[in-house]
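Q: First the structure, then my questions, so here it is.
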Amino acid sequence: MKTQILQTLAALALITTSATAQDNSMDNHTASYIAMPAAEGQTEAFAAFLAGAAQIVKETEPGTVLWFALQAGDTLAIFDIFVDKDARNAHFSGAVAGALNENADTLVAGGWGDGVVANINNSDVLSMKEPVDLYNATTATYIKLQAVSGKGPELAALLTEAGPIVAKTEPKTLFWAALQIDENNFAIFDIFADNAGREAHFAGQVAGLLNEKASELVSGGWDDGVVSNINNFDVLAIK
């Protein structure tokens with residue numbers, strides 16, 4: 001592990017210029033993640049609804065850079081990246097959001113208010129590996145992280161610097177984004193072609209560095225603050 005961490009720190013030193021350029025490109029990008037429980041008996045119908053929504057997003061939302069429909073058992077989710085906050089606002093007033101609003105009482109446990117709106121997690125994009133071979137993706141992961149009190153800036157810096165490392169060292173990670181929800185809460189979203197790609201990611205340099213720093217930076221440390229917050233999904237549809 002020590003050797004892996006030293007290699008990671010060396011990689012960080014080598015990619016400072018790249019990371020700075022990437023930060024500039026991410027200045028205005030925002031994201032949204034919504035995990036929604038399907039109403040009883042409606043999982044299949046809800047999944048079909050979300051799978052069909054990707055084409056509508058593609059045709060009507062130019063400011064939505066990426067859009068993913070996801071499923072884990074009876075939980076359905078949407079993750080998306082926007083060029084800026086205006087594009088995110090346009091998305092939530094768009095055709096797909098309108099259709100989901102109309103059908104939420106049937107499809108979503110809790111309906112529109114408690115099942116959808118209450119579960120929206122908006123964030124700013126800190127760092128990102130540009131997507132490659134997106135339509136080969138079958139599986140995704142979302143991990144929410146809470147910083148130890150006073151350690152938010154340090155966790156943000158680690159996550160910001162991680163994007164170029166993922167791009168440089170993880171060919172099987174098809175997309176990766178580090179997100180900041182507020183000053184103390186963060187998240188990571190990534191997609192993979194298969195479980196082997198996900199396993200390679202969690203054995204990689206960034207996971208090793210986060211493991212090493214988790215007791216200092218993440219509330220709950222590695223086990224309770226990172227691993228227990230991993231949410232794995234199947235990918236239903238992509239814009």
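The values are calculated or read from the model by the stated rules, or taken from the named source; none is laboratory data. All of these numbers come straight from a predicted model, not from anything done at the bench. When we count neighbours, we look across all protein chains shown, and the Cβ atoms used for this are built from the backbone with ideal geometry, even at glycine. Side chains included, ligands, DNA and RNA excluded: accessible areas come from the protein's heavy atoms. Shrake-Rupley method; radii C 1.70, N 1.55, O 1.52, S 1.80 Å.
Q: Give me the tail of P(r) for segment 115-182 as a percent: Cα-Cα pairs with distance above 20 Å.
A: On the way: 878 of 2278 pairs.
Taking all Cα-Cα pairs of segment 115-182, the fraction more than 20 Å apart is 39 percent.
Q: Kirkwood-based Rg over Rh for segment 36-97 (C-alpha set), two decimals? Working shown, then result.
A: Numbers: Rg = 12.2 Å, Rh = 12.1 Å.
Over the Cα atoms of segment 36-97, Rg/Rh equals 1.00.
Q: A further question on this structure: Could you name the aspartates and glutamates whose alpha carbon sits less than 19 Å from that of LYS129, not counting residues in the same chain fewer than 8 places away?
A: Straight-line reach from LYS129, under 19 Å: ASP23, ASP27, ASP80, ASP84, GLU161, GLU170, ASP190, ASP194, GLU199.
Q: Which one of ALA118, ALA140, ALA187 has the biggest mean-square fluctuation once the chain is modelled by GNM with Cα springs under 10 Å?
A: Looking only at ALA118, ALA140, ALA187, the largest GNM fluctuation is found for ALA118.
Q: Pairs of alpha-carbon atoms within less than 8 angstrom and 6+ residues apart define the contacts here; what relative contact order does segment 37-163 have, in percent?
A: Once normalised by length, the contact order is 23 percent.
Q: With +1 on each Lys and Arg Cβ and -1 on each Asp and Glu Cβ, how big is the dipole of the chain about its Cα centre, in debye rounded to the nearest 20?
A: 520 debye
Q: At a 1.4 Å probe, what is the % contribution of carbon and sulfur to the accessible area of segment 178-239?
A: Roughly 38 percent, rounded to a whole number.
Q: Can you give the direction-averaged projected area of the convex hull of the alpha-carbon atoms in segment 33-168, in nm²? Show your work: numbers first, answer last.
A: Working: hull surface 37.3 nm².
Result: a mean projected hull area of 9.3 nm².
Q: Also, quick follow-up: Can you tell me which of GLU212, GLU44, GLU61 moves the most in a GNM of the chain? Springs connect C-alpha atoms under 10 Å apart.
A: Maximum among the listed residues: GLU44.
Q: Hey, another quick one. Over the chain, what is the mean sequence separation of C-alpha contacts under 8 Å (at least six apart), divided by residue count, expressed as relative contact order in percent?
A: Computed value for the chain: 26 percent relative contact order.
Q: If you don't mind, there's one more thing I want to ask. Across bins of 5 angstrom width beginning at 0, how are the C-alpha pair distances of the chain distributed, in whole percent?
A: Going out from 0 Å in 5 Å bins, the chain shows 1, 7, 14, 18, 20, 17, 11, 7, 3, 1, 0 percent.
Q: Same structure again: Tally up the carbon and sulfur contribution to the accessible surface of segment 39-166 as a whole percent, 1.4 Å probe, everything protein left in place.
A: 48 percent
Q: Also, I was wondering about something else. Rounded to the nearest whole Å², what accessible area per residue is found for segment 33-109 with the 1.4 Å probe?
A: On a per-residue basis, segment 33-109 sits at 44 Å².
Q: Ok, one more. When ligands, DNA and RNA are left out and all protein chains stay put, how many square angstrom of accessible area per residue does segment 134-238 have with a 1.4 Å probe?
A: 40 Å²
Q: May I ask for the percentage of alpha-carbon pairs in segment 154-239 that lie more than 23 Å from each other?
A: So the portion of pairs separated by more than 23 Å is 20 percent.
Q: For segment 145-222, which trypsin sites (Lys or Arg not before Pro) pass both filters: DSSP loop (anything but H, G, I, E, B) and at most 10 other C-beta atoms within 10 Å?
A: none
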